[in-house]
Amino acid sequence: MSTRLIKAPISISFDIVKEDEKESYEREYHQLSESDDDPIGQWLKMAKARGETAESDPVLLKLMVELHRKIDNLEQIVKNEKPKRLQLKNIQMIESIGFENFKLKDEVLEKGKLYYGRIEMPVHPKRDVGIFFKAEDKNLAKIFKMHDRDIKEWSSYVVARERVMIREMREKS
């Protein structure tokens, strides 16, 4: 069975999952998916639950929340605070992506091994996505575990890249 992949200019930081370090990878994986659980995210959830946002424009509300998060980010930069992230040994360019797979530019994977990685998704708002993946060969990986929201963003990104590729092929014709 062949895997259909589309060219994509993104990178990944990753490391082999060692049994004694598995818990720390799991912890970061869950922390990355809970990025909505910051103070402004909690406030918004509570306001929605109380029905206080029923008459608000959802797009405008989302933009305001993202602006608040950006200000929080700038405040962290000014205070020289950095989010605590695991030090992952490898940083590689992803050559191409599919709905369940991706292919690295270089052959650095060990077939059959489980890896944990972070991908900085080029979507709005920009954020890191935690994934677990297994090496199918030296540079082809199968996504093993990804949060539901991240799967939706990943799939949307795959489709967007495919559209770009189709447009480029039409322009060449």
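Which three extents, in whole angstrom, do the alpha-carbon atoms of the range 1-96 cover along their principal axes, largest first?
Largest to smallest, the principal-axis extents are 48, 38, 27 Å.
By how many degrees, 0 to 90 and rounded to 10, does the Cα axis of helix 22-33 deviate from the longest principal axis of the chain?
It works out to around 50 degrees.
Could you let me know the centre-to-centre spacing of the range 133-173 and the range 54-81, using Cα atoms, in angstrom?
When both Cα centres are located, 28 Å separates them.
Arrange the peptides 73-80, 152-159, 127-134 so that the one whose residues have, on average, the most other Cβ atoms within 10 Å appears first.
Working: 73-80: 9.6, 152-159: 15.8, 127-134: 20.1.
Taking the mean over residues of other Cβ atoms within 10 Å, the ranking is 127-134, 152-159, 73-80.
Rounded to the nearest 20 debye, what is the charge dipole size of the chain about its Cα centre when +1 sits on each Lys and Arg Cβ and -1 on each Asp and Glu Cβ?
Numbers: 34 positive and 33 negative charges, 109 e Å.
For the chain, the charge dipole is close to 520 debye.
Specify the angular offset, from 0 to 90 degrees and rounded to the nearest 10, of the alpha carbon long axis of helix 58-78 from the longest principal axis of the alpha carbons in the chain.
Relative to the chain, helix 58-78 is tipped by roughly 80 degrees.
Can you list the lysines whose alpha carbon is less than 24 Å from that of LYS70, not counting same-chain residues fewer than 8 positions off?
Within the straight-line cut-off, LYS70 pairs with LYS45, LYS48, LYS62, LYS79, LYS82, LYS84, LYS126, LYS152.
If all Cα-Cα distances of the range 86-169 are sorted into 10 Å bins from 0 onward, what percent lands in each bin, rounded to whole numbers?
Histogramming the range 86-169 at 10 Å steps yields 16, 51, 29, 4, 0 percent.
Whole percent per 5 Å bin, from 0 to the bin with the longest distance: what is P(r) over all C-alpha pairs of the chain?
1, 7, 14, 17, 17, 14, 12, 9, 5, 2, 0
Once you place label points 7 Å from the Cα toward the Cβ at LYS105 and VAL123, how far apart are they in nm?
Label at LYS105, label at VAL123, 2.4 nm between them.
Compute the angle between helix 148-172 and the longest alpha-carbon principal axis of the chain, please, reported from 0 to 90 degrees and rounded to the nearest 10.
Orientation of helix 148-172: about 60 degrees from the principal axis.
No lab work stands behind these numbers, since they all come straight from the coordinates. The structure displayed is predicted, hence computed values, not measured ones. Because the Cβ atoms are built from the backbone with ideal geometry, glycine has one as well, and the counts that use them run over all protein chains shown.
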